[in-house]
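**Q** Here it is: the structure, laid out below.
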Amino acid sequence: MRIGVLTGGGDCPGLNAVIRGAVRKGTGAYGHEFVGFQDGWRGPLEKLTTPLGVAEVRGILARGGTIIGTSRTNPIKIDGGVERIKQNLAEMGVDALIAIGGEDTLGVAARLHERGAHVVGVPKTIDNDLNATDYTFGFDTSVNIAMEAIDRLHTTAASHHRALIVEVMGRHAGWIALHAGMAADAAAILIPEVPFSLEKVCQHVDSRFALGMAPIVVVAEGATPDGGENVLADKGLDAFGHVRLGGVADWLAGQIEDRTGHEARTVVLGHVQRGGSPTAFDRVLGTRFGLEAIDAVHDGDWGKMVALRGTDIVRVSLNAATDTLKTVPLERYAEAEVFFG
C-alpha cells in the first residue's frame with residue numbers, strides 16, 4: 001500500500017514524532033510505502049511531494065516543526081478543491097492518506113472521507129481544544145514554554161514593582177492560559193470561556209502588590225471583558241475565515257495602569273509557544289498516535305481519528321473530533337480562582 005502523509009495548520013512540537021512512528025511501523029511491520037505531501041493540503045492539491053522513508057525519519061524525534069512543511073491552505077474554499085485532491089491521490093497511486101492537524105485540517109479530511117477517500121486523522125493542536133481526545137500533542141510543550149517564561153517574568157516584575165500581562169494563545173479555549181497560569185502562580189488567569197470583570201482583575205493586582213509581590217496576569221488571546229467583545233489588532237482573516245486575534249494584553253495593561261496607578265507592561269508570547277523541541281510527553285504521545293494511525297490504515301478503518309483516552313490510544317470518528325470544541329469546564333476554572341490575588 002502507498003500511503004500519503006500531510007501536516008496542516010500551525011506547526012506544532014511533536015509532528016515529527018507522529019511521522020516517524022507511522023513510517024517506522026508502516027515500513028517495518030507492514031511493508032507499506034510512504035510519500036510526504038508538502039505544505040499541508042497544498043501538497044495533494046498541487047501534487048507537491050517529498051520522499052518519506054526510514055532514512056528521512058531518522059533523527060527527527062526531537063525536532064520541532066514538521067519535516068514535510070505545513071500551511072493553512074483550505075481546499076474547501078477552492079472550487080472543486082476536495083474532488084481535485086481525491087483525483088490527484090488516485091493518479092499518484094496513493095491508496096490512503098494520514099492527515100495530521102487540528103479542527104480545520106481534520107474537517108477537510110472528513111469531507112474527503114465522505115467522498116470515498118481512504119483517510120485517517122491524527123489530532124494536532126497546541127490549544128488542546130479538539131473534542132474526543134483527552135490531550136493533543138504540542139499542548140504540553142506549549143504550556144511548559146509559557147510556564148518557564150512566566151517564571152522568568154516574576155523576577156523582573158518584582159525588581160521593577162510592575163504588573164506584567166502575559167498573553168498566550170487560545171482563541172476559543174483557555175487551556176494553555178489555565179495550565180500555564182496555575183503552574184506559574186499567576187495573580188489572575190483570563191480565558192475565553194469566562195468573561196472577566198476588569199474591577200476584579202484590578203483587585204487581584206492590588207492584592208498582590210499589598211503582599212509585597214509583583215502580579216503576573218495571564219490572558220488568553222480570545223479572552224473578553226464582561227459585556228465586551230474580542231480586543232483586536234487589525235490582523236485580518238486566515239484561509240479558514242478565522243479572525244487573527246491579538247491585542248487584549250496591551251488593552252488590559254492600559255486599563256490596569258489607569259485604574260490602579262501601578263505600572264503595567266505586556267509580554268505576548270506568540271509563536272514562541274509553537275517552537276523548539278517537544279517535551280518527553282509530546283514525543284511519546286506523538287509516537288503512539290503515529291503507531292495507531294498506521295494500524296488504522298492497515299486495518300482499513302477509514303474516517304477515524306486516533307485519540308488519547310486515559311492512558312489508552314483509541315479510534316474515534318473524524319466527525320466526533322470536529323463537531324464541537326473542547327473548552328475549559330467551569331469547575332476547572334474554579335480550581336484556579338482559589339489562587340487569584
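The values are calculated or read from the model by the stated rules, or taken from the named source; none is laboratory data. None of the values given here were measured: they were computed from a predicted structure. For neighbour counting, all protein chains shown are included, and Cβ atoms are generated from backbone atoms with ideal geometry for every residue, glycine included. Ligands, DNA and RNA are stripped out before the accessible areas are found, and what is left, the full protein with its side chains, is counted by its heavy atoms. Shrake-Rupley method; radii C 1.70, N 1.55, O 1.52, S 1.80 Å.
**Q** Quick one: 3J(HN,Hα) in Hz for region 153-159, Karplus 6.51/-1.76/1.60 with θ = phi - 60°, rounded, Gly and Pro as x.
**A** 5, 4, 6, 6, 5, 5, 5
**Q** Separate question: Given a 1.4 angstrom probe, what's the average accessible area per residue across the chain, in square angstrom?
**A** Values: 13710 Å² over 341 residues.
Per residue, the chain has an accessible area of 40 Å².
**Q** Using only Cα atoms, tell me the angle between helix 248-260 and the longest principal axis of the chain; keep it within 0 to 90° and round to the nearest 10.
**A** The two axes meet at around 10 degrees.
**Q** Starting from the Cα-Cα distance between Phe281 and Gln87, subtract it from 0.36 nm times their residue separation and give me the gain in nm to one decimal.
**A** Full-extension gain reported as 66.1 nm.
**Q** Between region 282-311 and region 42-111, what's the alpha-carbon centroid distance in Å?
**A** 17 Å
**Q** Moving on to the next point. What ³J(HN,Hα) values, in whole Hz, does the Karplus curve 6.51 cos²θ - 1.76 cosθ + 1.60 give for region 306-312 when θ = phi - 60°, with x put for Gly and Pro?
**A** Rounded to whole hertz, the list is 7, 8, 9, 10, x, 10, 9.
**Q** Please report the antiparallel percentage of DSSP beta bridges with both residues in region 1-160, rounded to the nearest 5.
**A** Working: 3 of 18 bridges.
Restricted to region 1-160, the bridges split so that about 15 percent are antiparallel.
**Q** What percent does the relative contact order of region 9-94 come to when contacts are Cα pairs within less than 8 Å and at least six residues apart?
**A** Numbers: 115 pairs, mean separation 32.8, N = 86.
It comes to 38 percent, rounded to a whole number.
**Q** Given +1 on the Cβ of Lys and Arg, -1 on the Cβ of Asp and Glu, and no further charges, what dipole in debye does the chain carry about its Cα centre, rounded to the nearest 20?
**A** Computed about the Cα centre, the dipole is about 1000 debye.
**Q** May I ask you to give the percent of accessible area on region 159-214 that is carbon plus sulfur, with a probe radius of 1.4 Å?
**A** 52 percent
**Q** Would you mind computing, in nm to one decimal, how far apart the modelled labels at Leu48 and Thr156 are, each placed 7 Å from Cα along Cα→Cβ?
**A** Simple spin-label model gives 3.6 nm for this pair.
**Q** Here's another thing I want to ask about it. Using a probe of 1.4 angstrom, how much of the accessible area of region 266-341 is carbon and sulfur, in percent?
**A** 56 percent
**Q** Next question, about the same structure. Quickly work out the Asn319-to-Ala210 label distance, labels modelled 7 Å from Cα along the C-beta direction, and quote it in nm with one decimal.
**A** Simple spin-label model gives 5.5 nm for this pair.
**Q** Something else now. Under a 5 Å amide H to amide H cut-off, with H placed in plane at 1.01 Å, what residues pair with Val35 once short-range neighbours are removed?
**A** The answer is Ile3, Gly4, Val5.
**Q** How big is the convex hull of the Cα atoms of the chain, per residue, in Å³?
**A** 125 Å³
**Q** Another question, then. Taking N as the number of residues in region 249-341, what value does Rg over Cα atoms divided by 2.2 N^0.38 Å take?
**A** 1.67
**Q** How many percent of DSSP beta bridges within the chain run antiparallel, rounded to 5? Mind dumping the intermediate values first?
**A** Details: 11 of 43 bridges.
Bridges in the chain are about 25 percent antiparallel.
**Q** Could you give the Stokes-Einstein D for region 28-75 in µm² per second, using the C-alpha Kirkwood radius, 37 °C, 0.692 mPa s?
**A** 276 µm²/s
**Q** Which percent of the accessible area of region 44-93 is formed by carbon and sulfur heavy atoms (probe 1.4 angstrom)?
**A** After summing per-atom areas, the C and S share lands at 50 percent.
**Q** Under 10 °C and 1.306 mPa s, how fast does region 24-115 diffuse according to Stokes-Einstein, given a Kirkwood radius computed over C-alpha pairs? Answer in µm²/s, whole number. Working shown, then result.
**A** Numbers: Rh = 14.1 Å.
The estimated diffusion coefficient comes to 113 µm²/s.
**Q** A further question on this structure: Under a GNM of the chain (C-alpha, springs under 10 Å), which listed residue has the highest mean-square fluctuation: Gly102, Gly69, Gly121?
**A** Most flexible of the set in this elastic network: Gly69.
**Q** Next question. Check which residues have an amide H placed less than 5 Å from Phe196's amide H, if you skip close sequence neighbours.
**A** So Phe196 has HN proximity to Thr224, Asp226.
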